[in-house]
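Notes for the one structure printed next.
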Amino acid sequence: MARKIEVLPESVSQIIAAGEVIERPASVVKELMENAIDAGSSEITVELKAGGLQLIRVTDSGEGMDQEDVPLAFQRYATSKLRRAEDLYAIHTLGFRGEALPSISQVSKMTLQTRTHDCLTGTKVICEGGEIKRVSETGLPVGTEVGVEQLFYNIPAKRKFLKSIRSELRSALSHFFRLSLSHPTISFRFIHDGRTLHEHVKTESPLARVEAVLGKEVYGHLQPIGFEQGEIRLSGFASLPSFSKRNAEGIYFYVNQRFIKDRMIYRAVLDAYRHVLPMNQFPVVVLFITLPPSFVDVNVHPTKSEVKFKDPDRVYQAVLGAIRMVLEEGPRRSEEVAPRGATEKRVFREWAEPSFFVQETLSPPSSFLRGEEKGMLTVRDGGELPWEVEKKWPYAVLGQIRGTYILCEGEGSLVFIDQHAAHERILFEKFKKKFENGSVISERLLLPILIELSAEESCTLDSAGEALKEIGFEVEPVGEKLFAIQSVPSFIDPKDPKEMVRGILEELSFLEKRGRGKETIYTLLVTLACHSAVRGNSMLRREEIDKLVEDLAPFHASTTCPHGRPIFFFFPLDELKRQFKRK
């Protein structure tokens, strides 16, 4: 009887192995750029023709290879970066498997030229389909140049699955940008069909490289990340709520300078922005996670794009906390706010009479005068005044529109404030501070309030019961689906505890991971703030409007309500002049 199981020929098994590493031209770009970075290059040039379908060439100024090492570099698992199995848990380089060159050469026609600094001539190797055809001497600068032509020429079926030139180019550029972002001290150049598309000059400033890659528009909305907890250190940049994208293409994660894709980190970032950005809007985050190599396993995927953390929950909490810290502190880039070394700056403004009235004209709250002299406002270094033109605060309050919006006037523009969104943010910050300071007091109701819940609501309540107690709620079961609200937080108006509890349970049902520490707590506080805030279509007294606007003074103009809706809307007075043909 003929055997059903056969050992594949080595030529076939090598092509299969190569296919795991090399999926498209962009895979070649990534592998060769990583090799160039590991070689200590200060300059790297990537050149493509027809999106990499015709040619991929990567030239670097690294240390190069000796003539005797070159043939070995084309053998699988031949590497200079590992010696023992233990070394897999102390990886300090981007490449280490010894698979890049052999895998690429198996599915292409490759030419490699390399020279070390102590050799007068270099070595040139021509390889086709994994077979070395010729080795010779050549003249070239110190470094390495790898040219890859006719990718997948020997696997027609796989070549058919390649996409258009534009699509393959976009994918290759994506890898180019990722590596450029994480290595600002290296100069990078990208050439396509003979034209230089991108050139990033080496710099000591990570922020300058971020600006070069992501653009000036994003640059102005980024704030630095700085966080350290034990062996975990986080750095990078995160955008303020004043800027967002409709996709997640502006989110970059690096672990020990290696670009990775990780759902847990991605979720931590989105959780941090959950009550700051509107739904379906995404931040820009460039996040560098540094931790000991023994704390992360990078050997879990052929393309090295995924890692496994020793303590993933700790990493999640670190990322969540670091980005929340950025969002809470607001603008603090000193070069944009005040000269280095300055502790404060003073802005002078004489009160102006309102130029027109809406309902009732209100005088500016006296508490806005924050200096010894009238009309003087002190802003601490690192803060940024939210108003446009000369950015002078405060605005004179004019009144209320349709019981929903508060209108103010200042030099250069009008500002419309959504009273519910504004009050919601103020209350959320107040409630959060009380919780974090441990000053939450539970107030027992004179008579318990009965509430009937659905099976789903009951399940949610069961998983979040401890969190509810932490913020002052006491809800106890008295029947199959019947519960009694015994206590509520002292800092809320207990006019309708049933509505608040239902709102909390509804909000919690959207949490992907229920009962997760502070995330659950923050969700509860958001809901409390929402239900406690003044509503739209509610007429406010003069002193209520004064107090609301006064409490908004510390907030930046990019601040949103906890659900991500904007609080402010600005209308330049020059636009009024244009509308009335006065300008």
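Collect the residues in the range 284-342 that are over 16 Å from the mean Cα position of the chain (by Cα), modelled with pLDDT of 80 or more and within 27 Å of Lys433 (Cβ to Cβ), keeping them in residue-number order.
Asp313, Arg314
Arg166: touching a residue at least 12 places away in the same chain (Cβ under 8 Å), more than 23 Å from the chain's Cα centre (by Cα) and assigned to a helix (DSSP H, G or I), yes or no?
yes
Considering the range 146-187 alone, what residues qualify as being at positive phi and of a type in the set (A, V, I, L, M, F, W, C)? Give the steps one after another, and end with the answer.
Start the filter on the range 146-187 by keeping residues that are at positive phi, which leaves 150, 152.
Phe152, the sole residue that qualifies.
Quick check on the range 167-186. Is at least one of its residues surrounded by 20 or more Cβ atoms within 10 Å (Cβ to Cβ) and β-branched (Val, Ile, Thr)?
yes
From the residues in the range 531-546 that are touching a residue at least 60 places away in the same chain (Cβ under 8 Å) and surrounded by fewer than 16 Cβ atoms within 10 Å (Cβ to Cβ), which one is farthest from Arg502 (Cα to Cα)?
My answer is Arg542.
Find the residue count for the range 1-26, including only residues that are small (Gly, Ala, Ser), surrounded by 21 or more Cβ atoms within 10 Å (Cβ to Cβ) and either at pLDDT 90 or above or more than 16 Å from Phe74 (Cβ to Cβ) (or both).
1
What do you reckon, is Arg159 without any contact (Cβ under 8 Å) to a residue 12 or more places away in the chain and within 25 Å of the chain's Cα centre (by Cα)?
no
Please find, within the range 547-582, the residue that is surrounded by the fewest Cβ atoms within 10 Å (Cβ to Cβ) out of those that are hydroxyl-bearing (Ser, Thr, Tyr) and assigned to a loop (DSSP other than H, G, I, E, B).
Applying the filter and picking the extreme gives Ser558.
Test each condition in (1) at pLDDT 90 or above; (2) among the charged types (D, E, K, R); (3) out of contact with any helix residue (DSSP H, G or I) (no Cβ under 8 Å at 6 or more places or on another chain) for Arg246 and report the one that comes out false.
Among (1) at pLDDT 90 or above; (2) among the charged types (D, E, K, R); (3) out of contact with any helix residue (DSSP H, G or I) (no Cβ under 8 Å at 6 or more places or on another chain), Arg246 violates only (1).
Being part of a strand (DSSP E or B), touching a Lys or Arg at 6+ places or on another chain (Cβ under 8 Å) and hydrophobic (A, V, I, L, M, F, W, C) is true for just one of Phe253, Phe237. Which residue is that?
Only one candidate qualifies: Phe253.
Tally up the residues in the range 269-296 that are in a strand (DSSP E or B), touching a residue at least 40 places away in the same chain (Cβ under 8 Å) and not polar (S, T, N, Q), please. Give the steps one after another, and end with the answer.
Residues of the range 269-296 in a strand (DSSP E or B): 282, 285-290, 296.
Okay, now just the ones that are also touching a residue at least 40 places away in the same chain (Cβ under 8 Å), so 285-290, 296.
Still in the running and not polar (S, T, N, Q): 285-289, 296.
Residues meeting the conditions: 6.
Listed residues Leu140, Leu162, Leu101, Leu120; which is surrounded by 22 or more Cβ atoms within 10 Å (Cβ to Cβ), assigned by TED's automatic domain parsing to the domain that holds Glu68 and at pLDDT below 95?
On inspection, the qualifying residue turns out to be Leu101.
When only residues in the range 494-527 that are in contact with a strand residue (DSSP E or B) (Cβ under 7 Å, 6 or more places away or on another chain) and either among the aliphatic types (A, V, I, L, M) or modelled with pLDDT under 80 (or both) count, which is surrounded by the most Cβ atoms within 10 Å (Cβ to Cβ)?
Among those that are in contact with a strand residue (DSSP E or B) (Cβ under 7 Å, 6 or more places away or on another chain) and either among the aliphatic types (A, V, I, L, M) or modelled with pLDDT under 80 (or both), it is Val501.
For the range 38-78, what are the residues that are in contact with a Leu (Cβ under 6 Å, 6 or more places away or on another chain), surrounded by fewer than 23 Cβ atoms within 10 Å (Cβ to Cβ), part of a helix (DSSP H, G or I) and not acidic (Asp, Glu)?
Passing the criteria: Ala73, Phe74.
What are the residues in the range 131-153 that are over 20 Å from Ala100 (Cβ atoms) and either hydrophobic (A, V, I, L, M, F, W, C) or in contact with a Pro (Cβ under 8 Å, 6 or more places away or on another chain) (or both), if any? Write out each step before concluding.
Initial filter on the range 131-153 (over 20 Å from Ala100 (Cβ atoms)): 134, 136-142.
Listed by number, the residues that qualify are Leu140, Val142.
Filter the range 211-227 down to the residues that are part of a loop (DSSP other than H, G, I, E, B) and touching a residue at least 24 places away in the same chain (Cβ under 8 Å), then identify the one that is nearest to Ala322 (Cα to Cα).
My answer is His221.
At least 3 residues that are under 17 Å from His531 (Cα atoms) in each: list the strands (runs of 3 or more DSSP E) lying fully within the range 391-496 that qualify.
Once the strands (runs of 3 or more DSSP E) in the range 391-496 are filtered for at least 3 residues that are under 17 Å from His531 (Cα atoms), what remains is 482-489.
Only residues in the range 468-490 that are at positive phi count as the first member; pair them with residues that are surrounded by fewer than 21 Cβ atoms within 10 Å (Cβ to Cβ) and in a strand (DSSP E or B), Cβ under 7 angstrom, at least 6 apart or cross-chain, and list the lot.
Gly472/Ser442; Gly472/Ser487
Identify the residue in the range 143-158 that is modelled with pLDDT of 85 or more and not in a strand (DSSP E or B) and, among all such residues, is farthest from Met110 (Cα to Cα).
Ranking the qualifying residues of the range 143-158, first place goes to Pro156.
Identify the residue in the range 394-436 that is of a type in the set (Gly, Ala, Ser) and touching a helix residue (DSSP H, G or I) at 6+ places or on another chain (Cβ under 7 Å) and, among all such residues, is surrounded by the fewest Cβ atoms within 10 Å (Cβ to Cβ).
Step by step, filter the range 394-436, then rank; the result is Gly412.
So for the range 240-247 (the condition being part of a strand (DSSP E or B) and either among the hydrophobic types (A, V, I, L, M, F, W, C) or within 19 Å of the chain's Cα centre (by Cα) (or both)), does at least one residue qualify?
Yes, the range 240-247 contains at least one residue that is part of a strand (DSSP E or B) and either among the hydrophobic types (A, V, I, L, M, F, W, C) or within 19 Å of the chain's Cα centre (by Cα) (or both).
The values are calculated or read from the model by the stated rules, or taken from the named source; none is laboratory data. None of the values given here were measured: they were computed from a predicted structure. Using ideal geometry, Cβ is built from the backbone for each residue, glycine included, and neighbour counts are taken over all protein chains shown.
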